[in-house]
Amino acid sequence: MNHNPQSSDGKHDDDSALSDFLASLMDYAPTIPDELVEHYLAKSGFQCPDVRLIRLVAVATQKFVAEVASDALQHCKARQAAVVKDKREKQQKDKRLILTMDDLQSHCASIFIGVWK
Amino acid sequence: MNNGCLENRKKEHDNSQKRPKSYKFGSRSDDFALAIAKVAVAQLCESVGFQGFHLSALETLSDISVRYIYSIGKTANLSANLAGRVEGNVFDIIHGLEDLGSNLGFSGASDVDRCVVSSGVVKDITHFVGVSDFIPFAYDVPGFPVVKESTKTGSFWEKGEDPPGEHIPSWLPAFPDPETYATRLSVENETMGVSNGKKTESELERVERNMDRSLLNLQLRFAHNENKGGSSHGSGYVATESNPYLAAPLHVGEKEVSSVILPTKLSNEVALRNPVHVDVGNHVSVLETFAPAIEAMKSGLCDSDNVKKKLLYDQRPTVRFKIGIGKKSLGTMSDLNSQNEEDLLKIASWFGNDNEKDDKKR
């Protein structure tokens, strides 16, 4: 095994970055509450007394949901733009962006999550 | 449920209500957690830019997020167990995240010598935390599920009692004190004879009595075993005597049973009629056929008269029922003797009403 001083410093940096990140998570309260995450982690059998790990999972889930929602929003906007091009009368009606099963389904299929109505 | 400016469209509300029973995250016990997840997901959607959502879409997305958490936990638990640990650590979670993110991919996924610490997943999350706004959860969530404290009944060993019998280990829960049920049983015996028809005791007390009865039997049996060593059945007999369900069955005639009260029409006819006379003919009245049986009922259950017995079991006249539908049927019965006329008129009155009803129906 080669022990380069640079790589070891890099590893230390990564370690410190991770530990700093976990420490910063205590200040940042994710939208998904800790109790909910704890409940489902306990349901899956994952035991951990460390609160930081629970926060990490909560943040990861928040990121995932935000990604799905933003992609669904893109779909919704694209659909509305197509409708507006065809019929300008309905422009006022469809101003509001609404999360629908169609948008959700199309995005979930792209990330290999099966969704049925 | 309103979340700020978000409005619900209950277009597919009915469809969302129908859940299969084998739904893993849709069981009744999970409703509270799912509701919290819905609120959180709604808040996230609002932050992304949505102004409204379909209820079905919200439920689907919250279900997906819940399953995401569950799968992270499962993968992390698996990697911890593989490493021989019971409790998970940060590396297990990063492994779980990498597994879930492998569909879309993350930076550094193809590196062979990559370190978990410098995983691309963690970097993505760090970037996300730096970019996203701070959105706290809307409600205060209490710790759930609430663990119910079980009332532990002390064992024999804890109470310092000797278990009644060598076959009973001392770590088993102790029997309840005899005082809790012995006095109740004496009171119950008094009330049993008095209030048969009265519903003075509530259902709960009845259940308690049954439980106490069984406990007393158990206690008496053990007391008997202690004293005599199981040779005689003295105490057991006492137990059975006190317990009405274990008493010997009654023979016929031992206990007086109230006689059957006949309806007034039938009872009048039986009083007038001669029970022995049986007229066998083409048209036999219903009362004639059943008169012996009615007489038997009237006299009582104990049949000392053999003649009546014979009537009951030996004579079986041929019965030919001819229930007249119209008024013509009355005319055919006119040739019978006068004794039958009163019966026939009464029977005809019964059927006459029916005929009128039939006519009305037509």
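General observations
- Counting Cβ atoms of other protein chains within 10 Å of each residue's Cβ and taking the mean over peptide B:131-139 gives 4.
- Peptides B:29-40, B:246-257, B:149-160, B:65-76 ordered by average Cβ neighbours within 10 Å, highest first: B:65-76, B:29-40, B:149-160, B:246-257
- Under 5 Å from the amide H of B:Phe53 lie the amide H atoms of A:Leu99, B:Glu7, B:Arg9, each residue being 5 or more positions distant or on a separate chain, with H modelled from the backbone and absent for Pro and chain starts.
- Separation of the alpha carbons by more than 22 angstrom is noted, of A:Lys85/A:Lys117; A:Lys43/A:Lys117; A:Lys63/B:Lys123, for A:Lys85/A:Lys117; A:Lys43/A:Lys117.
- Exposure proxy shown here: for B:Cys45, A:Cys108, the number of other Cβ atoms within 10 Å sets the order, fewest to most, as A:Cys108, B:Cys45.
- Region B:149-188: projected area of the alpha-carbon convex hull, averaged over directions, in nm²: 4.1
- Note on B:141-153: average number of Cβ atoms from other chains within 10 Å of each residue's Cβ is 1.
- Likely footprinting exposure, B:Glu166, B:Glu46, fewest C-beta neighbours within 10 Å first: B:Glu166, B:Glu46
- For the segment B:122-130, counting C-beta atoms of other chains within 10 Å of every residue's C-beta and taking the mean gives 5.
All of the numbers you see were taken from the coordinates with simple rules; none came from a lab. As the structure is a prediction and not an experimental result, all values here were calculated from the model. Ideal geometry is used to build each Cβ from the backbone, glycine not excepted, and the neighbour counts take in all protein chains shown.
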